[in-house]
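The values are calculated or read from the model by the stated rules, or taken from the named source; none is laboratory data. Since the structure is predicted, the reported quantities are computational estimates derived from the model, not experimental observations. Cβ sites come from the backbone with ideal geometry, for glycine too, and all protein chains shown count toward neighbours. These area figures cover heavy atoms from the full protein model, side chains too; ligands, DNA and RNA do not enter into them. Shrake-Rupley method; radii C 1.70, N 1.55, O 1.52, S 1.80 Å.
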Amino acid sequence: MTDTASPLALVVLAAGKGTRMKSDLHKVLHPIAGRAMLMHLLASADALQPQRKVVVVGAGREQLAAALGESAELAVQDPQLGTGHAVQQAEGALSGPDGAGFAGDVLILYGDVPFVRAETMRAMLERLHGPDNPAVVVLAFEPEDALQYGRVIAQDGAILKMVEHKDASEAERACRLCNSGLMAVRGDELFGLLSRVGNDNAQGEYYLTDIVNVANGDGRVCAVVVTDDPDEVAGINSRAELAEAEARWQKKRRLQAMADGASLVAPETVWFAWDTKLGRDVTVEQNVVFGPGVTVADNVSIHAFCHIEGARLESGASVGPFARLRPGAVLEEQAKVGNFVEVKNAVLHAGAKASHLTYLGDADVGAGANIGAGTITCNYDGYFKYRTVIGERAFIGSNSALIAPVKIGADAIVAAGSAVSRDVADGELRLVRAEQLVKPGWADRFHDAMKRKKAERK
């Protein structure tokens, strides 16, 4: 809950068709840093502990229902007659089982405006409970270019008028204070205000912003809160804007990583996921991509051109260059994964090494074990996955195939070029090769015969 005594509900507008995206995926489900933009927004709002969350949907509602599950209620806007009409569709979802309306505070947010900070939302709610008892609180911003944004005409923090760009006069368009669309309103007043909004405007729509003008007409105060960061209220409506938002997010995250004690050799080439965790004295070289679910402890080295997702790296581990860690990969203290090594659902215990050209899938590699170049764990038979267990200090020779399920004992040696399909005991040597056949002089005779045949054809 917020710092006020009132319960909180969220109404998130996500009914737009998103035609400019030109995508089969719902606009608000397009990811930034590996997380749907809608989920970025809801995560920030969750810091305020809302009691109710309602997402207003239109086209693509099935996708949103699948993504949200039980975390929010859905309200359908069909047809779509403007933002005011969209919020009205949430009234039923906010009503209690006895039909009573929601009596707490309501934050109105937009699913395609993903980076509003919890602090900003809290400031809006605190202003709603200010001594002048405002009917509506509007979040505004001052962009470098006001473009087509609606304007907030305000004086001393009180809103005199809200006007959409298409309906604004030249004097009103000269105002630089722009409407973000986000509002805070009391639940027991919101729908009464909306019921008095008309559609006599250039678009023929019911504008949410008009509740400010309705409240002003009643002699009520409506207040404005101005964010100091216009980027947090930037809407995303196209692929280009999505890329711009990703770039802004990545830039901030890189700066935060370095401020927290990580070294990024070429920061602009490192891409983080929304939940990447880096320890201190971590070194990340050029062109490293983090997918979701990565935790990196202190003193880890990640060399150039690595892709890491769903993995945990403990202190002193080393990865790459040109390595791929897939979900379930764990590198314990001082473990090493080198160039062109892929690890999936496998643990390399302390000091274990796979230095090059190896695939370790569904495996447990004991402490101090050494995996030679070209080794693969054959973990899949086309129907099921099987696990390989390699004991402590075991040595797996180059170009070996470990055919799971199989267990290699502690201190065992698998000779290079072996295909191992049965367990190897502790301290045992396993060599699985065909016997070498030696024919002295055969190659010389072959070359001589071929040279004569080639000369005869000229």
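Some notes on this structure:
- Met39 vs. criteria open to solvent by 20 Å² or more (accessible area, probe 1.4 Å) and under 25 Å from Pro292 (Cα atoms): yes
- Residue in the stretch 250-258 that is in contact with a helix residue (DSSP H, G or I) (Cβ under 7 Å, 6 or more places away or on another chain), within 30 Å of Val185 (Cβ to Cβ) and open to solvent by less than 60 Å² (accessible area, probe 1.4 Å) present: no
Matching residues to (1) modelled with pLDDT under 90; (2) of a type outside the set (Ser, Thr, Tyr); (3) surrounded by 17 or more Cβ atoms within 10 Å (Cβ to Cβ); (4) part of a helix (DSSP H, G or I):
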| position | (1), (2), (3), (4) |
| --- | --- |
| Pro114 | no, yes, yes, no |
| Glu119 | no, yes, no, yes |
| Ala123 | no, yes, yes, yes |
| Arg127 | no, yes, yes, yes |
| Asp145 | yes, yes, no, no |
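- Residues of the stretch 411-443 that are assigned to a helix (DSSP H, G or I) and open to solvent by 100 Å² or more (accessible area, probe 1.4 Å): Trp442 alone.
- Qualifying residue in the stretch 357-377 (condition: buried (at least 20 other Cβ atoms within 10 Å of the Cβ), in a loop (DSSP other than H, G, I, E, B) and of a type in the set (Ser, Thr, Tyr)): yes
- Some residue of the stretch 261-268 being in contact with a helix residue (DSSP H, G or I) (Cβ under 8 Å, 6 or more places away or on another chain), open to solvent by 40 Å² or more (accessible area, probe 1.4 Å) and either free of Cβ contacts under 8 Å to residues at least 12 places away in the same chain or not aliphatic (A, V, I, L, M) (or both): yes
- Some residue of the stretch 244-252 being assigned to a loop (DSSP other than H, G, I, E, B) and of a type in the set (Phe, Trp, Tyr): no
- Of note, Ser44 satisfies the criterion of being surrounded by fewer than 20 Cβ atoms within 10 Å (Cβ to Cβ), touching a residue at least 40 places away in the same chain (Cβ under 8 Å), touching a helix residue (DSSP H, G or I) at 6+ places or on another chain (Cβ under 7 Å) and at negative phi.
- Listed by first and then second residue, the pairs linking a residue in the stretch 306-323 that is open to solvent by less than 20 Å² (accessible area, probe 1.4 Å) to a residue that is of a type in the set (Lys, Arg), with Cβ atoms under 9 Å apart and 6 or more places separating them unless they lie on different chains, are Cys306/Arg324; Ile308/Arg324; Ile308/Arg326; Ala311/Arg326; Ala317/Lys336; Val319/Lys336.
- Sole residue being among the aliphatic types (A, V, I, L, M), closer than 19 Å to Leu128 by Cβ and open to solvent by less than 20 Å² (accessible area, probe 1.4 Å), chosen from Leu94, Leu68: Leu94
- Residue match in the stretch 380-389 (condition: under 25 Å from Glu428 (Cα atoms) and open to solvent by less than 40 Å² (accessible area, probe 1.4 Å)): yes
- Test: Gly310 is under 30 Å from Asp24 (Cβ atoms), among the small types (Gly, Ala, Ser) and touching a Gly at 6+ places or on another chain (Cβ under 6 Å): yes
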